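The values are calculated or read from the model by the stated rules, or taken from the named source; none is laboratory data. Predicted model only: the values in this text are computed from it and were never measured. Note that each Cβ is placed from the backbone with ideal geometry, even for glycine, and that neighbours are counted across all protein chains shown. Keep in mind that these areas ignore ligands, DNA and RNA; they rest on the heavy atoms of the full protein, side chains included. Shrake-Rupley method; radii C 1.70, N 1.55, O 1.52, S 1.80 Å.
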Amino acid sequence: MQLEVSITSKMYTNAAGNRQQALAGFNFVLSEGEVGVFVGPSGCGKSTMLRIVVGLDPDYEGRVSRPPGAKIGMVFQEPRLLPWRSVDENVRLVAPHADEKRLAMLFETLGLEDHRSHFPGELSLGLARRVAVARAFAVEPDFLILDEPLASLDDALAARLREQIATLVDSRTVTTLLVTHNVDDAVQLGDRLFFLSQRPSHVIAEVPIHTPRAQRGPDELKRIKAELSRLTLANL
Amino acid sequence: MLRLLSFAAFLATWWGAAFLAGDQKLPAPPVVLAAVMTEARSGALFFHLGVTLARVGLAFVLAMTLGAALGYLMGRVRLADRLGDPWLILLLHLPALVVIVLAYIWAGLTEVAAIAAIAINKLPTAVVTLREGTRTLDANLDEMAAVFAIPRWKAFRHVILPQLAPYIAAAARSGLSLVWKIVLVAELLGRPNGVGFEIGVAFQLFDIPLLLAYSLTFAALVLTIETALVQPIEARLSRWRRRAA
């Protein structure tokens, strides 16, 4: 399903009581099945934009055209699991009709098959993140929203989860929004990269990547990154 | 084992005190036990305990249900909080005796009056505890439930209720002990049966063994319900928490 976003303005009041503009003229279009990656400095309003897109924040000017009834799977910055439910129950709660075979495969892809009966409090952050990813995919979403899913993981762990996410995104047609401040994530996962400005945030450049995800070897990734730095965008 | 030891120490102290104070003021354990046996054989003991227990159960369930609902509402809706707060403070500070006496005057010396009076005494503490609990609800989890479009009732059961469970347990705990205390006063003042009524009779006759017989069996009943019912439920509700060292 296609997603069209044009946010003319989003104001917010900070703790000190000052009105500030978080987003201004933030426009983009994602076609069905595309992975859009949003790269920008931290604090530029990426999460604010995501909250508007998924409908958590109705207080903005502009328009988000998201087909009604579209299923959303979201991975928040913090895992946001229910501590009082096991890993299995956490996933099943959002996807009550998921069949066992598909869930088992999902857990296996993410390396969670031994942790299904654990409570989230017993998991490391990396594992909890993977459970959050499993939960988002379990609903078979039309839209997948990933808010810095790899932040504060060590490099090896981040690389592994990045590959797992790539596998899952390619396993079905899902329009994906991924927010990150890491160019490596962007070039490895994205079909279309959006580079964002400082506050008030808007898209300053849009770069499509045509090489399919599966064919992006180390050389290809280096080439894409070189191209980006020619556009002087990669140093954001 | 430790509990047994503690109980033995209690008996020994009682016996010693009885020896010092004399049978007139504090009868020794065997005398009280004899009184318990007489009452049990006639069936009066079980009848009065049962009546009191029924009142406790009814008033407790009534107060908890109403209190939890009101507390949740006041924690969630600002307007409800501001409207309800003065009433809450009034009820919270109204002496139990006033509520009981007024209930008997307005509704007559009836069962309804007694149970309502007990429930009203417990209600405000339940409301306050649940309101505090509702205020601590995690907005992040609410957002998660909204994004994943978890149906309202399911979200309440799996997301909200577990967060409130410790507060419900706390309200139940403190509420139960309050109800135990107040039910006897309500019975003493306006009911023709129940443990409170029997204690009133024993007081008027200065029958100390009878008084202690009812008090202690009542205390034993409270203890049994605590250990057999309240504690296991609490343990089950908090099984996901890491064990405290």
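The set of residues in region B:127-177 that are within 14 Å of another protein chain (Cβ to nearest Cβ), touching a residue at least 40 places away in the same chain (Cβ under 8 Å) and over 18 Å from B:Ala235 (Cβ atoms) contains only B:Leu137. Total residues in region B:187-220 satisfying the condition of being open to solvent by less than 40 Å² (accessible area, probe 1.4 Å), among the aliphatic types (A, V, I, L, M) and within 14 Å of B:Leu53 (Cβ to Cβ): the figure is 1.
Annotation: A:Gln2 fulfils all but one of (1) away from every other protein chain (no Cβ under 14 Å); (2) more than 21 Å from the chain's Cα centre (by Cα); (3) open to solvent by 20 Å² or more (accessible area, probe 1.4 Å); the unmet one is (2).
Regarding A:Arg66, is this residue charged (D, E, K, R), under 21 Å from the mean Cα position of the chain (by Cα) and at pLDDT 90 or above? Spell out the reasoning first.
Working: charged (D, E, K, R): yes; under 21 Å from the mean Cα position of the chain (by Cα): yes; at pLDDT 90 or above: no.
No.
The set of residues in region A:34-54 being closer than 22 Å to A:Ala166 by Cβ and of a type in the set (Gly, Ala, Ser) consists of A:Gly36, A:Gly40.
When region B:222-243 is limited to residues that are open to solvent by 70 Å² or more (accessible area, probe 1.4 Å) and among the hydrophobic types (A, V, I, L, M, F, W, C), the one that is modelled with the highest pLDDT turns out to be B:Leu223. Of the residues making up region A:77-94, those that are open to solvent by 10 Å² or more (accessible area, probe 1.4 Å), facing chain B (nearest Cβ under 9 Å) and in a loop (DSSP other than H, G, I, E, B) are A:Glu78, A:Arg80, A:Leu81, A:Pro83, A:Trp84, A:Arg85, A:Ser86. Which members of region B:227-239 meet the condition of being touching a residue at least 12 places away in the same chain (Cβ under 8 Å) and within 15 Å of the chain's Cα centre (by Cα)? Listed by number, the list holds a single entry, B:Val230. In this entry, A:Pro149 is excluded by the filter for residues that are assigned to a loop (DSSP other than H, G, I, E, B) and free of Cβ contacts under 8 Å to residues at least 24 places away in the same chain. For region A:71-90, the set of residues classified as free of Cβ contacts under 8 Å to residues at least 60 places away in the same chain and touching a Phe, Trp or Tyr at 6+ places or on another chain (Cβ under 8 Å) consists of A:Pro83, A:Trp84, A:Arg85, A:Ser86, A:Val87, listed by residue number. Scanning region A:104-127 for residues that are in contact (Cβ under 8 Å) with a residue 24 or more places away in the chain, within 13 Å of another protein chain (Cβ to nearest Cβ) and part of a helix (DSSP H, G or I) returns A:Pro120, A:Gly121. Residue count for region A:54-76, restricted to those that are outside any strand (DSSP E or B) and crowded, with 18+ Cβ neighbours inside 10 Å: 4.
Flag not set for A:Ala156, criterion: small (Gly, Ala, Ser) and open to solvent by less than 20 Å² (accessible area, probe 1.4 Å).
Restricting attention to region B:36-55, the residues that are over 18 Å from B:Leu184 (Cβ atoms) and among the hydrophobic types (A, V, I, L, M, F, W, C) add up to 2.
Taken over region A:10-35, the criterion of being part of a strand (DSSP E or B) and closer than 25 Å to A:Val207 by Cβ is satisfied by A:Lys10, A:Ala22, A:Leu23, A:Ala24, A:Gly25, A:Phe26, A:Asn27, A:Phe28, A:Val29, A:Leu30, A:Val35.
Can you confirm whether region A:132-142 contains a residue that is more than 27 Å from A:Pro212 (Cβ to Cβ) and surrounded by fewer than 20 Cβ atoms within 10 Å (Cβ to Cβ)? No.
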